[in-house]
Amino acid sequence: MYTSHEDIGYDFEDEPREKKAHNPNPNIDGGWAWMIVLSSFMVHVLIMGSQMALGVLNMEWLEEFNQSRGLTAWVSSLSMGITLIVGPFIGLFINTCGCRKTTIIGGLLNALGWVLSAYATNVHYLFITFGVAAGFGSGMVYLPAVVMVGQYFQKRRALAQGLSTTGTGFGTFLITVLLKYLCSEYGWRSAMFIQGAVSLNLCVCGALMRPLPPSETQSNKILQSKGGERDLKLPLSHSTESIKSNGHLKKAEEREDSPVKEEMLSNSPVPESKGKDKVRLGKNMYALRILKIVSRLTIRIRKGFWDWYSSYFGAASLFTNRMFVAFIFWALFAYSSFVIPFIHLPEIVKLYNLSEQNDVFPLTSIIAIVHIFGKVILGIVADLPCISVWNVFLMANLSLVVSILILPLMHTYASLAAMCALIGFSSGYFSLMPVVTEDLVGIEHLANAYGIIICANGISALLGPPFAGWIFDITQKYDFSFYICGLLYMVGMLFLLIQPCIRLKEQPRKKYIEGTHV
């Protein structure tokens, strides 16, 4: 079973990180690891950056289709939500195909979604092409980018995740400017078409995600498992055994049998039979090669599915970790408070008659730029040996809740800019989420566990922007949506804080029980 939070303790930094790493791989924390950071950075630029810049396209869609704000907001929220909601299912792809292939396929699907959305005739068309297609492709790219950084780093995981996820801030700033320019010069349809072409660079990012070579202990396990597979014999003849080996047996047997085959073919009285035998032999070998490929693929799919299934529903389910379950409840309420400002701030600025000042320096760009520094600074602080990652994570969350609750009270550009800067810096805790998740469940379960966390974030992102739009349609204000999301965010934080209190309360009782048995 997974280690429960009661076993590992509330403070994740009770033991130095150097002691936690057992049998470290020589390829970790150096060399190609920084190329993985670069690849993950570009993924965040193209995926998360473009999604945070959807406020520009949201205004274009409102003017084009003349639908309510609540309905139109579903396009952006579907794309963001599905990107994260599909996390658990993308874990199955990663277990089966690996991070590289999953990313390349997702990049193609994401680019296709952008291009098809350029031909939309109504909002419901965008639900399918942009919300579902592009969103699912984004999900296939996003999770592998996070998991690969976690696999290649141990000593400076928080800093590496912080550097890679700063791509969200850079992407939000750059793609917001790019989409504004393209929409003004060529229209929103051409803008989406061009952005789809740019998204093909995700395939290049996937190509950089070279699998981490296994360590000595891992390679021994792989050799043992392969040895076990060789013991399994299929009901095939001598030629099948030659194919199931690494090729040496087959070549040796072909050398031994070649004089016999040549003699048999030379003694054949009918010349046509020689050609027929060659054709028949070639067909048999081709069929056996296909059978070998299919059997290997079947074994890989079954193994990947079993690992994925056992992580969620087996005896060693992730849900047996109570602190991890509390983390899921927090994620259900947290992400909407960060997404709503990006989607609705352009409209809020327009209602406050601050469009001229916002055009000079958009508020969403302020969030994006400060978000970059927040991730790097929080990552550096969390990597300090005397600082607990958990404490940094909680303080950043508290700061974000306060800023979300205060934002509706600000009606000038300067005050809104100050609150947006606080939101951007506090939301830098996103770089710590993979680190906290890994400390809870371990690196071997990071893909499945983080898939669940971002799935909960996806539900929050899916429901948050439409909820804010419906609140505006009813009250003609966005204030109440910020208040409600802020309060729900605080409820999610309570789930995180209650579990350590329960643990501290249970510890004296456990010691008493252990003392009675001595």
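The values are calculated or read from the model by the stated rules, or taken from the named source; none is laboratory data. Everything quoted here is computed from the prediction, not taken from an experiment. Positions of Cβ are backbone-derived with ideal geometry, glycine not excepted, and every protein chain shown enters the neighbour counts. The protein model used for the area step is the full one, side chains on, heavy atoms only, and it has no ligands, DNA or RNA in it. Shrake-Rupley method; radii C 1.70, N 1.55, O 1.52, S 1.80 Å.
What about F319, is it open to solvent by 60 Å² or more (accessible area, probe 1.4 Å), within 25 Å of L84 (Cα to Cα), touching a Phe, Trp or Tyr at 6+ places or on another chain (Cβ under 9 Å) and modelled with pLDDT of 70 or more?
Numbers: open to solvent by 60 Å² or more (accessible area, probe 1.4 Å): yes; within 25 Å of L84 (Cα to Cα): yes; touching a Phe, Trp or Tyr at 6+ places or on another chain (Cβ under 9 Å): yes; modelled with pLDDT of 70 or more: yes.
Yes; evaluated as a whole, the condition is true for this residue.
Does F173 fit the bill of being open to solvent by 10 Å² or more (accessible area, probe 1.4 Å), in contact with a Ser or Thr (Cβ under 6 Å, 6 or more places away or on another chain) and part of a helix (DSSP H, G or I)?
Values: open to solvent by 10 Å² or more (accessible area, probe 1.4 Å): yes; in contact with a Ser or Thr (Cβ under 6 Å, 6 or more places away or on another chain): yes; part of a helix (DSSP H, G or I): yes.
Judged against the criteria, F173 is a match.
Output the residues belonging to segment 26-47 that are within 30 Å of A120 (Cα to Cα) and open to solvent by 10 Å² or more (accessible area, probe 1.4 Å). Let's see the steps before the verdict.
Step one: list which residues in segment 26-47 are within 30 Å of A120 (Cα to Cα), which gives 42-47.
The answer is M42, V45, L46.
Give me the residue from segment 417-469 that is of a type in the set (F, W, Y) and open to solvent by less than 10 Å² (accessible area, probe 1.4 Å) and, out of that set, nearest to the chain's Cα centre (by Cα).
Looking at the filtered set, the residue picked out is Y450.
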Q.
Among the residues in segment 470-478, are any among the hydroxyl-bearing types (S, T, Y), modelled with pLDDT under 80 and out of contact with any His (no Cβ under 7 Å at 6 or more places or on another chain)?
A. no
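Answer with yes or no whether S68 is more than 16 Å from the chain's Cα centre (by Cα) and more than 19 Å from L46 (Cβ to Cβ). Talk me through it step by step, then tell me what you get.
Values: more than 16 Å from the chain's Cα centre (by Cα): yes; more than 19 Å from L46 (Cβ to Cβ): yes.
Answer is yes for this residue.
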**Q.** Failed criterion for V402 (all others in (1) touching a Lys or Arg at 6+ places or on another chain (Cβ under 6 Å); (2) open to solvent by 10 Å² or more (accessible area, probe 1.4 Å) hold)
**A.** (1)
Q) Among helices (runs of 4 or more DSSP H) lying entirely in segment 22-95, which contain 3 or more residues that are modelled with pLDDT of 90 or more and farther than 19 Å from A134 by Cβ? A) 33-46
Q: Name every residue in segment 93-108 that is surrounded by fewer than 21 Cβ atoms within 10 Å (Cβ to Cβ) and not β-branched (V, I, T), in order of residue number.
A: C97, G98, R100, K101, L108
Q: Scan segment 195-217 and give yes if some residue there is of a type in the set (G, A, S), within 31 Å of the chain's Cα centre (by Cα), farther than 30 Å from A53 by Cβ and at pLDDT 50 or above, otherwise no.
A: yes
Q) Scanning segment 367-385 for residues that are of a type in the set (A, V, I, L, M) and touching a Phe, Trp or Tyr at 6+ places or on another chain (Cβ under 9 Å), which turns out most open to solvent (accessible area, probe 1.4 Å)? A) I377
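Out of all the residues in segment 127-144, is one or more open to solvent by less than 10 Å² (accessible area, probe 1.4 Å), under 23 Å from A447 (Cβ atoms) and in contact with a His (Cβ under 7 Å, 6 or more places away or on another chain)?
Here is the first cut: in segment 127-144, the ones open to solvent by less than 10 Å² (accessible area, probe 1.4 Å) are 130-131, 134-135, 137-141, 143-144.
Checking which are under 23 Å from A447 (Cβ atoms) leaves us with 134-135, 137-141, 143-144.
From what is left, the residues that are in contact with a His (Cβ under 7 Å, 6 or more places away or on another chain) are none.
For segment 127-144, residues open to solvent by less than 10 Å² (accessible area, probe 1.4 Å), under 23 Å from A447 (Cβ atoms) and in contact with a His (Cβ under 7 Å, 6 or more places away or on another chain): absent.
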Q: Note down all Cβ pairs under 9 Å where the first residue falls in segment 190-209 and is closer than 10 Å to A111 by Cα and open to solvent by less than 10 Å² (accessible area, probe 1.4 Å), the second is of a type outside the set (G, A, S) and not in a helix (DSSP H, G or I), and they're at least six residues apart or on different chains.
A: S199/I47; L202/I47
Q. If V132 satisfies every condition in (1) modelled with pLDDT of 90 or more; (2) of a type in the set (V, I, T); (3) under 17 Å from A449 (Cβ atoms) but one, which is the exception?
A. (3)
